[in-house]
Each structure stands twice: as structure tokens, then as C-alpha cells.
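Written below as C-alpha cells is the structure these notes are about.
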Amino acid sequence: MTLHRSILGTIGDTPLVHLGTLSARLEGDLYAKLEYLNPGYSKKDRAALAIIEAAEQDGSLQPGQPVIELTSGNMGTGLSIVCAQKGYPFIAVMSRGNSVERANMMRALGAEVVLVEQAPGSVVGQVSGEDLARVEARTLELCRERGAYRADQFLSEACARAHYENTMPELLRDLDGKLDAVCDFVGSGSSLGGIARYVRDHGLNIRCYAVEPAGAEALGRQVTSPESHPIQGGGYSMPELELLDPALLHGFLSITGEESIQAARELARTEGVFAGFSCGANLAAATRLLQSEERGSRIAFLACDSGLKYLSTNLWSDTPQHEG
Ligand SMILES: Cc1ncc(COP(=O)(O)O)c(C=O)c1O
């Protein structure tokens, strides 16, 4: 066992699990990397730590300066933990469309949470690009008012670097290099962007696939009027992502909200992996790949965050009771 000097030492190095029951139904192997075992229960802890450390190093963040970020909750939770440990007040700006667990958790971790009303016609639990634009506008306002450092997860190179330097090497270490494909639901694109760049730089034959919500695709096909969807943490229909170069990707998969829900439930029931919507989308995508062009492959994906973050949502609230 390792003794950590602070909670920050527990970020990363998450376990990888072979999904034996689900793989046995398919040709190939599925592996889930349990990012929800990070201290903020999501993969964004990695990016949060990387952003703050990079800003400390390049001098753009001064001791005690407030930090601010737009968040769907996970980045904010990671930043709440990192900032509290390092002595920076943290302000999280979030749409009211995101689940209440997220706001409560950030407050519990010492953050100030500013909630922004959704655009007229938006649905709670379904944060649209328009909702996100409102959160962005409020973030910029507050940033000026408070003289805060903007963490900027959509632009910060440090986020993708965290996955380049850690997530992908961990995957390869745990699989002894025997990995054929990775798929990941895209938000800022930092995770998949970092992984895909690692693959390119090391000349590996590992295919990287982007997962997007059906009806709100921006990479696989350029949907002009995106539909809302329940897959929190991404699918913002942003055609240009600073941290993800689509040229490095082998393909794109569209997954419906319903498919992501059914897959997340199946994953919890059969494998004991209790994760959120985006992990469900990743599993649905990986399953489709094993049934088509990646038949026989070893596919890894991230269990991006914990299912506990969605107890108030229809991901679990109307889970059918299983007999026997
Ligand atoms: C639950 C969840 N899934 C997926 C993503 C997308 O990750 P990335 O921003 O690295 O593309 C996020 C990002 O916040 C997230 O919170």
C-alpha cells in the first residue's frame, strides 16, 4: 500500500477491469478503466490537477488567487478538491440542467457554486449548446469581477497532456500493450485527444473512436440543429475542439440517450461497474464495434464518472426491479 501525502496523490492510476460476462456474449474483449475511483469520482480529477499545476508552473496563477470554471460538475468537483488543497478559492459555474448531486458535492468540497438558468425550452437533465453558451457568458463576467484565473478546460493543453502522460500509459501497462481500440464519449475531447496523440507519437496500431450523441454529432457528421440528449459531460455539438484532432481518429459512433442508459444499467447489473451515462455510451459504442469492424478486438473505454452522481436522474430512478 502507498501512503499519500494528500488526497491529490490518489488521482490517477485507476484500475482496469476485464468485462468477462459482457465479453463472453461477443467476439472480443471489453475493458473498463474505472475513472470513477478517482477522489472526485470522475476522470476530470486528472485534468483539474494538470491545469492547476501547469498554471502554477508558468506563473499564470498567483498564490491565493480565485479559480473559476464552467463545469457540468465533474471538472468542478476535481477543481474543488485540487484548489482546496492548494489554497485557491474556487468558483464553479454550472447550468441548472445538470444533476443536483454535482452542485451539492462541489459545495461540500468548499467551492462556491453559481447556477445558471437554462435557455427557454431546455430540459432539466439535458444541457444544450445554448445552455452552455449562457454558462460561458456568466463565467466570463464573474472572471472579470473577481479577478479570477479561468481554468478553461476546453482550451488547456494540460488536460490532454494528463491523458497522454498517464491514462494511456496506464492502459498499455495493464494490458501488456495488447490493445486494439479505444472509444470515448467526447466533451472537451481532452481524454480522447491525449490518447490519440499518444498512439500517433508512439506509432501504435490502436484505433481511436469518438462517441457522440445521436442527433447532436459535430465530428462524425456536422449536425446543424443539434437535438438535446441526456448524456451529461459532453456532446455539446462543438465542431472545433482545440484538444482533439479528428484526423487522428479511426471512426465515429453515434449513440442515443436510451442506448447509453440501457448499457449503463447492464454494466451495473452484470459487471458491478456503477458508472454514469457517458460510460454507458462508451459501452454501447464498444459493443457495436465488437459486432462490426472491430470483431475479435480488445477494446478499452473509460468509466468516466460514478453512477452515484445520477441517483436523482432517470438513469437509475426508474431502474426496473430484476426478478430472481
Ligand atoms: C461524465 C463525463 N463523461 C465524459 C466527459 C468528456 O471528457 P472530455 O472532456 O475529456 O472529452 C466528461 C467531461 O467533463 C464527463 O464529465
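The values are calculated or read from the model by the stated rules, or taken from the named source; none is laboratory data. The model shown is predicted, which means the values in this text are computed figures rather than measured ones. A quick note on method: Cβ atoms are made from the backbone with ideal geometry, for glycine too, and the neighbour counts reach across all protein chains shown.
What pairs come up if the first residue lies in the stretch 25-47 and is without any contact (Cβ under 8 Å) to a residue 40 or more places away in the chain, the second is aliphatic (A, V, I, L, M), and their beta carbons are under 7 Å apart, counting only those six or more places apart or on different chains?
If the second residue must be aliphatic (A, V, I, L, M), the pairs left are D45/I11; D45/I81.
In the stretch 180-208, which residues are more than 17 Å from A303 (Cα to Cα) and away from the ligand (no atom under 16 Å from the Cβ)? Break it down into steps so the answer makes sense when it comes.
Narrowing the stretch 180-208 to residues more than 17 Å from A303 (Cα to Cα): 180, 196-207.
Matches in the stretch 180-208: D180, R200, D201, H202, G203, L204, N205, I206, R207.
Residue check: is S292 in contact with a Pro (Cβ under 8 Å, 6 or more places away or on another chain), surrounded by fewer than 23 Cβ atoms within 10 Å (Cβ to Cβ) and not β-branched (V, I, T)? Break it down into steps so the answer makes sense when it comes.
On the way: in contact with a Pro (Cβ under 8 Å, 6 or more places away or on another chain): no; surrounded by fewer than 23 Cβ atoms within 10 Å (Cβ to Cβ): yes; not β-branched (V, I, T): yes.
Criteria not met by S292.
Among D245, D305, which is within 28 Å of I11 (Cα to Cα), crowded, with 21+ Cβ neighbours inside 10 Å and acidic (D, E)? Write out each step before concluding.
Numbers: D245 fails: crowded, with 21+ Cβ neighbours inside 10 Å.
Residue meeting the stated conditions: D305.
Of the residues I255, I299, which is more than 15 Å from the ligand (Cβ to nearest atom), modelled with pLDDT of 95 or more and crowded, with 24+ Cβ neighbours inside 10 Å?
The conditions single out I299.
Here's the yes/no breakdown for (1) among the charged types (D, E, K, R); (2) free of Cβ contacts under 8 Å to residues at least 24 places away in the same chain; (3) on the phi > 0 side of the Ramachandran plot:
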| residue | (1), (2), (3) |
| --- | --- |
| E259 | yes, no, no |
| A263 | no, no, no |
| G272 | no, yes, yes |
| L283 | no, no, no |
| G296 | no, no, yes |
| L311 | no, no, no |
| S317 | no, yes, no |
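Can you pull out the residues in the stretch 220-242 that are within 16 Å of the ligand (Cβ to nearest atom), farther than 21 Å from S122 by Cβ and surrounded by fewer than 19 Cβ atoms within 10 Å (Cβ to Cβ)?
Answer for the stretch 220-242, where residues must be within 16 Å of the ligand (Cβ to nearest atom), farther than 21 Å from S122 by Cβ and surrounded by fewer than 19 Cβ atoms within 10 Å (Cβ to Cβ): G220, E240, E242.
Check the stretch 83-96 and report whether any residue there is modelled with pLDDT of 95 or more, of a type in the set (K, R) and within 13 Å of the ligand (Cβ to nearest atom). Explain how you work it out, then say what you get.
Residues of the stretch 83-96 that are modelled with pLDDT of 95 or more, as a first pass: 83-93.
Then keep just the ones that are of a type in the set (K, R); that gives 86.
Subsequent filtering for residues that are within 13 Å of the ligand (Cβ to nearest atom) retains none.
For the stretch 83-96, residues modelled with pLDDT of 95 or more, of a type in the set (K, R) and within 13 Å of the ligand (Cβ to nearest atom): absent.
Residues that are within 17 Å of the chain's Cα centre (by Cα) and assigned by the TED database to the domain that holds P230: find the helices (runs of 4 or more DSSP H) completely inside the stretch 126-183 holding 1 or more of those.
By residue number, 157-162, 168-174.
State which residue pairs qualify: first residue farther than 19 Å from S228 by Cα and inside the stretch 82-102, second residue of a type in the set (F, W, Y) and assigned to a helix (DSSP H, G or I) in any location, beta carbons under 9 Å apart, and separation of 6 or more residues or different chains.
Here the result reads E101/Y310, each pair linking the stretch 82-102 to a residue that is of a type in the set (F, W, Y) and assigned to a helix (DSSP H, G or I).
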